[in-house]
1. Sum up the charges of everything whose Cβ sits under 14 Å from the Cβ of Trp332, counting Lys and Arg as +1 and Asp and Glu as -1, but leave Trp332 out.
2. Modelled label-to-label distance, Arg79 and Glu133, 7 Å Cα→beta-carbon offset: nm?
3. Hey, what's the per residue convex hull volume over the C-alpha atoms of the stretch 165-230, in cubic angstrom?
4. What Kirkwood hydrodynamic radius, in Å, does the stretch 80-202 give when the mean of 1/r is taken over all pairs of distinct Cα atoms and then inverted?
5. How much FRET efficiency would the formula 1/(1 + (r/R0)^6) give for Glu338 and Arg257, where r is the Cβ-Cβ distance and R0 is 30 Å, rounded to 0.05?
6. Report the label-to-label distance for Ile181 and Ile236 in nanometres (one decimal), using points 7 Å from each Cα along the Cα→Cβ vector.
7. With labels modelled as points extended 7 Å from the Cα through the Cβ direction, what inter-label distance (nm, one decimal) is found for Arg66 paired with Ser218?
8. Within 10 Å, count the other beta carbons around each residue, average over each peptide in 224-230, 104-110, and list them highest first.
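Each value in this text was obtained by applying a stated rule to the coordinates, not by laboratory testing. In this text the structure is predicted, and so the values were computed from the model without any measurement. In this analysis, Cβ positions are derived from the backbone assuming ideal geometry, glycine residues included, and neighbour counts consider all displayed protein chains.
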Amino acid sequence: MKQWSRATLQEHRSALTAALILLGVILWMLSGTLRDSTSQIEPSVSDKADNRMSVRVLESTNQTIRDQIIISGRTLADRSVAVKAETDGVVQRLHFERGDRVNEGDMLVELAMEDREARLLEARSLVEQREIEYRGAQALRQKDSIAENELARAKAALESARAQLRMALEEARRTRLKAPIEGVVETRDVEVGDFLNRGAPVTTLVDLNPIRVKGSLSERYLNRIEPGSPASVTLINGSEHEGEVAFVGRVASPKTRTFPVEVVIDNPEGDIIEGLTAEVTLSAGTVVAHRLPSSILTLADDGTLGVKGVSDNSEVVFYPVEVVRDTPEGVWLTGLPETVQLIVVGQEFVSAGQKVETVPYEGLAAPGASG
């Protein structure tokens, strides 16, 4: 019994020794694998630490476009004339109503002639008499029957009579008020039977062709707009009209520090009335700019408006810009190089000077040639 146990123990020792040897071989093999794995993992971690952020970029080239200045304004009649009585008298006839369109020279009001007609007849008779007297004096002077000064007095009397006739005719004319301009009757200030004193208001005529649009221009644009420059007007009802600048003021408003500017547009039918709100687009020459999506705009730490791009050495660059026009297709910006790569996606996650990887962006159609 004792011998069997000793043999059994020896067998167990042999088995344990073999197991230990096998375990050592396995551990040796595993140590080599772990070293290989570690050597493979460590470069990956290093690469990851050196990995650059990817951003999507758009290569943009500048274009020459028409520079535009947009201001607000209101329509204004080209002329507005207050027609007033030129003499005293009673209104005998009216030839207009409010809203009528009249031509220059159309009859508006007739005043009663009263004693003016008698004075006119008297002045005509006196002229006829003085003409007869003057012709008689000429005949006598040819016969040397009167002195030269007698002939001169007869001529002076004739000229005086003619002057009185002209005055009587002018006074009679003043009883017939006519339209001084072509336009629309805006007001009617008299009725038949009213007695008018000289200078009393009768009506107001407004000339709506052409129509003017008056707005205010900032001093920064004053030297870029001049009379004759093309302009377009969009009225509050959506209608669009072409015109040109007629006036640019040289005295600023003390309140707004802006300068008055007026644009004229044709209005042959008088459809455009005074007092309408309008948007005026003024042409200010040409400018070189880039068209880009508005989402590309960002602010620097000091509040400067700009965009972020990528330089030739893959570094982020901040470009200060100025918006010259905002359209549904994108914003037009100045302040950029002729050709530049700009970050369109990811610009909020990178800073100036940072190294980045670039991926082309296909989200924006190529800008059109027209501005």
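1. Working: positive: Arg66, Arg291, Arg325; negative: Asp67, Glu322, Asp326, Glu329.
Residues near Trp332 contribute -1 overall.
2. 4.4
3. Details: hull volume 12.4 nm³, N = 66.
So the per-residue hull volume is 188 Å³.
4. 17.0
5. Values: r = 36 Å, r/R0 = 1.19.
With a Förster radius of 30 Å, E is 0.25.
6. 2.3
7. Placing both labels 7 Å beyond Cα along the Cβ direction yields 2.1 nm.
8. Values: 224-230: 13.1, 104-110: 15.7.
Order by mean packing, descending: 104-110, 224-230.
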